[in-house]
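This report refers to the structure that appears directly beneath it.
The values are calculated or read from the model by the stated rules, or taken from the named source; none is laboratory data. Not measured: the values here are computed from a predicted model. Virtual Cβ from ideal backbone geometry, glycine too; neighbours counted across all protein chains shown.
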Number of protein chains: 2
Amino acid sequence: MRLAELSERSGVSTATIKYYLREGLLQPGRRISATQAEYGDEHVRRLRLVRALIQLGKVPVATAREVIAAAEDTSLDHHWRLGAATWALAHGREAATDDDPAAEAAARTVNALLEHLDWRHDQELGELSPAYRTLVAAVASLRRLGYPCGVAQLLPYGRLAAQLAVSDLDLIEEEPTPAAQIEAAVALTVLYEPVLLSLRRLAHAEESARRFTGGEKPA
Amino acid sequence: MRLAELSERSGVSTATIKYYLREGLLQPGRRISATQAEYGDEHVRRLRLVRALIQLGKVPVATAREVIAAAEDTSLDHHWRLGAATWALAHGREAATDDDPAAEAAARTVNALLEHLDWRHDQELGELSPAYRTLVAAVASLRRLGYPCGVAQLLPYGRLAAQLAVSDLDLIEEEPTPAAQIEAAVALTVLYEPVLLSLRRLAHAEESARRFTGGEKPA
């Protein structure tokens with residue numbers, strides 16, 4: 001298909017498609033003349049992923065390029081390609097922990113949590129992992145505010161996260177090829193975050209109504 | 001205590017404290033002379049909440065003011081004060097769903113999910129709720145990308161969210177007064193979001209290592 005049809009099928013304007021091509025976010029089409037190129041279904045699919053990363057996931061352009069590059073690096077084994085791709089995703093709320101006296105205590109709590117959960121892989125990676133650093137910063141913030149946030153409070157969250165990971169990876173493994181699995185891992189990591197957070201808030205409203213307004217328990 | 005001590009105890013600069021006072025985010029101190037005021041522990045506590053909302057939760061100043069106002073509105077019953085407070089919190093990733101043909105189908109899926117979960121309170125509120133709209137937008141995005149996102153995929157997330165809500169509300173109810181519970185509801189809603197998202201990503205890395213690198217299952 002030509003550029004105009006690619007735009008129509010993907011819902012991305014031709015100006016934006018040209019921008020993504022220039023930025024290396026979209027692979028070039030097959031050149032058929034000095035001014036025209038032919039695009040395929042893989043371009044439609046890629047465009048949707050780029051849009052999801054940038055528009056829904058708020059990933060900066062440079063990071064989106066890294067995510068896509070990692071996903072295509074066949075020199076890495078499958079686990080590491082999945083990891084490198086999701087690794088690059090933004091952690092919007094990662095706070096600085098340098099010079100923070102609470103951060104060291106928070107790191108000890110997180111380490112104890114990982115040991116309780118028997119998450120050996122994450123224990124090995126430790127603070128190399130952006131997610132680990134985000135977690136330490138969040139725990140330190142809770143502590144500084146005087147809210148309880150020890151292993152006892154974190155453990156239910158960790159156990160539920162482990163259950164989520166199983167169903168997330170099941171979904172990802174339904175994709176037919178390793179490349180499609182990596183794309184799905186990126187998209188599902190980002191796209192299910194607002195699902196999870198909004199469901200948690202809906203569940204809060206529901207639980208609050210049940211506790212404080214005498215609402216009926218479900219049959 | 002005077003302004004200087006308040007700054008020292010809260011870790012917030014005097015310039016920022018004055019800004020929060022001007023913006024109505026911090027209640028004025030008890031005036032003891034033309035240029036000096038006396039502050040108490042309630043100011044230290046409030047300052048920490050304001051910082052958490054603005055710095056960690058990325059809540060805009062105007063919204064932080066609404067959150068605090070709602071938390072203090074004694075004309076509302078407890079459930080509604082909790083709800084009004086957390087309601088005002090930013091949903092960073094809420095996407096526009098107007099003119100979106102996928103949004104209507106997504107709303108039907110979300111409604112079916114709420115019915116399955118027997119979340120009657122949320123069913124009644126429907127699209128009045130920011131969390132509901134965020135969820136619909138997220139489901140529509142997943143669908144547009146061609147990823148499976150029906151009741152079957154959402155139900156495990158919903159069930160886990162319901163479990164989280166029970167432990168979250170248990171934590172909130174440990175606070176001694178209704179006002180402190182509202183403050184805790186706001187802080188814990190915002191502050192546990194990065195905890196939850198980072199634990200999910202750590203759990204993904206762990207589960208991926210187990211599946212794709214022959215890592216041992218936990219004993």
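For every residue, the table says whether it meets (1) surrounded by 15 or more Cβ atoms within 10 Å (Cβ to Cβ); (2) closer than 18 Å to A:Ala107 by Cβ; (3) out of contact with any helix residue (DSSP H, G or I) (no Cβ under 7 Å at 6 or more places or on another chain).
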position: A:Arg143; (1), (2), (3): yes, yes, no
position: A:Cys149; (1), (2), (3): yes, yes, no
position: A:Tyr157; (1), (2), (3): yes, yes, no
position: A:Asp170; (1), (2), (3): no, no, yes
position: A:Ile182; (1), (2), (3): yes, no, no
position: A:Val186; (1), (2), (3): yes, no, no
position: A:Glu193; (1), (2), (3): yes, no, no
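Look at (1) part of a loop (DSSP other than H, G, I, E, B); (2) more than 24 Å from B:Ile54 (Cβ to Cβ) and you find that A:Leu188 fails only one, number (1). Candidates are the residues of the range B:125-135 that are within 9 Å of another protein chain (Cβ to nearest Cβ) and free of Cβ contacts under 8 Å to residues at least 24 places away in the same chain; the one that is surrounded by the fewest Cβ atoms within 10 Å (Cβ to Cβ) is B:Leu125. Candidates are the residues of the range A:25-46 that are under 20 Å from A:Thr63 (Cβ atoms) and modelled with pLDDT under 90; the one that is surrounded by the most Cβ atoms within 10 Å (Cβ to Cβ) is A:Arg46. Checked against the criteria, B:Arg201 counts as within 17 Å of A:Glu193 (Cα to Cα) and at pLDDT 80 or above. Any residue at all in the range A:203-212 that is touching a residue at least 24 places away in the same chain (Cβ under 8 Å), among the hydroxyl-bearing types (Ser, Thr, Tyr) and either assigned to a helix (DSSP H, G or I) or surrounded by fewer than 18 Cβ atoms within 10 Å (Cβ to Cβ) (or both)? Checked the range A:203-212: no residue is touching a residue at least 24 places away in the same chain (Cβ under 8 Å), among the hydroxyl-bearing types (Ser, Thr, Tyr) and either assigned to a helix (DSSP H, G or I) or surrounded by fewer than 18 Cβ atoms within 10 Å (Cβ to Cβ) (or both). When A:Leu89 is tested against the conditions (1) in a loop (DSSP other than H, G, I, E, B); (2) within 30 Å of B:Leu202 (Cβ to Cβ); (3) touching a Gly at 6+ places or on another chain (Cβ under 8 Å); (4) modelled with pLDDT of 80 or more, the lone failure is (4).
When residues in the range B:136-165 are screened for being at the interface with chain A (Cβ under 7 Å from one of its Cβ atoms) and touching a Pro at 6+ places or on another chain (Cβ under 9 Å), 5 of them pass. No other residue among A:Ala70, A:Ala62 is at pLDDT 70 or above and surrounded by fewer than 19 Cβ atoms within 10 Å (Cβ to Cβ) apart from A:Ala62. The residues listed here are A:Ala131, A:Ala165, A:Ala180; of these, the one that is modelled with pLDDT under 80, in a helix (DSSP H, G or I) and not aromatic (Phe, Trp, Tyr) is A:Ala180. Taking the conditions (1) closer than 23 Å to B:Ser10 by Cβ; (2) surrounded by fewer than 19 Cβ atoms within 10 Å (Cβ to Cβ); (3) within 7 Å of another protein chain (Cβ to nearest Cβ) in turn, A:Glu104 satisfies each one other than (3).
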